[in-house]
Amino acid sequence: MKVRTLVVLISSMFMVSACMKPKGNESNASPAPAASAPAPVAASAAAETETQTGELPVIDAVMTHAPEVPPPVNRNHAARVKVNIEVQEKVMKMTDAGVEYKYWTFGGDVPGQMIRVREGDEVEVHFSNRSDSTVPHNIDFHAVTGPGGGAAASFTAPGHTSVFSFKALQPGLYIYHCATAPVGMHIANGMYGLILVEPKEGLPKVDREFYVVQGDFYTKGKNSDSGLQPFDMEKAVREEPEYVVFNGHVGAIAGDKALKAKVGETVRMYVGNGGPNLVSSFHVIGEIFDKVYVEGGDLINKNVQTTIIPAGGAAIVEMKLDVPGSYTLVDHSIFRAFNKGALGQLIAEGPENKTIFSGKTQEEVYQTEGGMLQDQPLNASDTAKVNAGAPKAGSKEERITAGKALYEANCIACHGSEGKGVEGAFPPLAKSDYLNEDPKRGIRAVVNGLSGKITVNGKEYNNVMPPLGFTDEKVANVMTYVLNSFGNKGGEVKPEEIAAERGKK
Ligand SMILES: [Cu+2]
């Protein structure tokens, strides 16, 4: 999709939401629990309650935090299933070694809670955004047939609840995610989860089920830099995450939180990929998937080593555990696993089977010449090039050329190719009085980010521009470009002027 189309899409979404008055806390009288609900087969979560109202029986969805999976639906009729989702923005650990991140979540953790319904069910979504949230949020269910997957219908300001419903027409395993602009940022902060729409006849019974969702995260600091790490828009746009993880955090399903099963059992994993950017090459080291429901649909592939899970997609994988041991879940784009966090563990306990796997039976010395090289050597001319670094712009014209490229890669998604912005969301840079009266305010927006109420050309904006992590050189180039484009007043910004604006309001 072209960036322009995307901007138009985003802006039209905003217009829809702007005309919608968010409803107050709606208290649809909760049905009293009845004893007639069929007992779930795998009883891992609280029991369902069921009452007859209108045409379909109304049921409260059993929702689970990863890696738990809601019990099988176990119904032979449709129901109206009520799903309560609360958006919470909260700081949590990215790693156990002192890295924190301000996650945006559905239900308090990443991924959002898993939902399980039956083909033909009506799903009634009660979508609440806590009053301590900083921005509006919404939800786009890939299981929805309807505009935006429910995005505009669920667009909810802090301190409000929205309600909408959809009919689960097609069975499959589907991602849901936030789709509020800037969409990439909401997803990058952890706003995704899975909804399983079981086929009418249900899925074959297995011994254990797990819920796993991969995601990529973009922090200002490098991987392992400790402290509360802000989101880095520039890395996100370049698709260069510092972390790639299962279930929101490094080690979320490893060590004492590993997934556990027994030899002889068949394990089913519902695996999603929230992205926002990377496609997962999902693999379990030491196992072969007996079955893969390719892309979460009806097609079943057998005897698969690695299955691809697109960003915004899912797969169901099944494997029977024949021998005990620790099986490692990875994204087989392998630096992501061993250097960025995409590692999980499934531990199988039970008796050995030496025919299927013997373990090491012998070891002896084997001598050969040479050693292992850790680095690829560079020749002298390559080394000189590396040391010289990126060329620096000298003249104003060079700054404008370099700045144009930066603008197109980093600013266009929000401010538009002509700098016109999106009314109500992203202010214009074209003929912006805010910028032209004091270009230093523009510099500060780019280096420090900008939030809170501002007025540009007579219109109010109250949104968040994330800091972009640019070097002084880049800020000077992009600001020089902006000042000399879109009918602005011209001039040149030099790298020496930037340092003084860092950290200033
Ligand atoms: Cu959101």
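The conditions of being within 29 Å of N410 (Cβ to Cβ) and at pLDDT 95 or above are met by E239. Restricting to the range 439-471, give me the number of residues that are part of a loop (DSSP other than H, G, I, E, B) and either open to solvent by less than 50 Å² (accessible area, probe 1.4 Å) or among the hydrophobic types (A, V, I, L, M, F, W, C) (or both). Here the count works out to 6.
When D290, D256, D298 are checked against the criterion of being at pLDDT below 95 and of a type in the set (D, E, K, R), D256 stands alone in meeting it. Restricting the range 134-144 to residues that are of a type outside the set (A, V, I, L, M, F, W, C) and open to solvent by 10 Å² or more (accessible area, probe 1.4 Å) leaves a set whose member that is nearest to the ligand (Cβ to nearest atom) is P136.
Of all residue pairs spaced 6 or more apart or on separate chains, those with beta-carbon atoms under 6 Å, a first member in the range 73-90 that is in contact (Cβ under 8 Å) with a residue 40 or more places away in the chain and a second member that is aliphatic (A, V, I, L, M) and within 16 Å of the ligand (Cβ to nearest atom) are V83/V125. The numbered conditions (1) in a loop (DSSP other than H, G, I, E, B); (2) open to solvent by 60 Å² or more (accessible area, probe 1.4 Å) are all true for I308 except (1).
For the range 265-296, a residue qualifies if it is basic (K, R) and open to solvent by 40 Å² or more (accessible area, probe 1.4 Å), and exactly one does: K291. Of the residues making up the range 298-336, those that are closer than 14 Å to V271 by Cα, out of contact with any Pro (no Cβ under 9 Å at 6 or more places or on another chain) and in contact (Cβ under 8 Å) with a residue 40 or more places away in the chain are I309, G313, A314, A315, I316, V317, M319, L329, V330, D331.
The values are calculated or read from the model by the stated rules, or taken from the named source; none is laboratory data. Values in this document were obtained by computation on a predicted structure and should not be read as measured data. Please note: Cβ atoms are built from the backbone with ideal geometry, for glycine as well, and neighbour counts cover all protein chains shown. Accessible surface is based on the protein model in full, side chains and every heavy atom, while ligands, DNA and RNA are left aside. Shrake-Rupley method; radii C 1.70, N 1.55, O 1.52, S 1.80 Å.
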